[in-house]
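> Have a look at the structure that comes next, please.
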Amino acid sequence: VATVVYGLRIHTRRHRAVTTIMALLTGLVIWITLLHHGCESMSVVGPSLANVQVPNWTDLRTGVLSTETGAQLEEGRDLRCVGRGPTHVDATLRLFDTDKDARVTLYRDSAAWCPYCQKVWIALEEKCIAYNVKTVPLNAYGDKPAWFSRLVDGGQLPAIEIDNNELVTESIDIIKRLDDDFP
């Protein structure tokens, strides 16, 4: 329960930060529109926007990172870059608390919503098996890259590669193989 509550609290803070950024971006779009059409030629209700200073991207980033949520998001990103921290859809490496190299490469969908890929992903996480992630688009999002079609017959997902030489496809077969190789 504490994990769920904590997750909701972070989600709420993240939502607040995103809402703030969206409000600032909306203001930026309005300001650019007024600037483009000339403030004098437009009828503006409320205070004049002629003297409003719109923050640049650096100022926006600094403002977001100065918040508690922004600092947590930045810390999470930094941890993901070195294979640590909680699981995340953007992670390309998961080492958990080991210093060993990842023996497994998971090929999963780039949208992270394929249920078969998720089963394998959950198995890797539950067993704390260090792994690399390579994302591949599902057919709904266009053609798969040629390198992946050459690697996996038919380009089906998910797939794992163990020790850079053995490829396993089909989520059930992958999970059985993970159970055998990583008891």
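> Please sort 150-163, 65-78 by packing, taking for each peptide the average over its residues of neighbouring beta carbons within 10 angstrom, highest first.
On the way: 150-163: 17.1, 65-78: 13.7.
Peptide ranking by packing, descending: 150-163, 65-78.
> Straight-line reach only, C-alpha to C-alpha below 30 angstrom: list the lysines that residue 100 could link to, leaving out same-chain residues fewer than 8 apart.
In chain and number order, the partners are 119, 127, 134, 176.
> Please compute the length gained on full extension between residue 61 and residue 147, using 0.36 nm multiplied by the number of residues separating them and subtracting their Cα-Cα distance. Could the numbers behind the result be given before it?
Values: separation 86, 0.36 × 86 = 30.96 nm, distance 3.62 nm.
Residue separation times 0.36 nm, minus the Cα-Cα distance, leaves 27.3 nm.
> Estimate the FRET efficiency between residue 118 and residue 30 by the formula 1/(1 + (r/R0)^6), using the beta-carbon distance for r and 45 Å for R0, to the nearest 0.05.
Values: r = 41 Å, r/R0 = 0.90.
In this case the efficiency is close to 0.65.
Values quoted throughout were computed directly from the atomic coordinates according to the rules given, and no laboratory measurement underlies them. Quick caveat: nothing in here was measured; it's all calculated off a predicted structure. For neighbour counting, all protein chains shown are included, and Cβ atoms are generated from backbone atoms with ideal geometry for every residue, glycine included.
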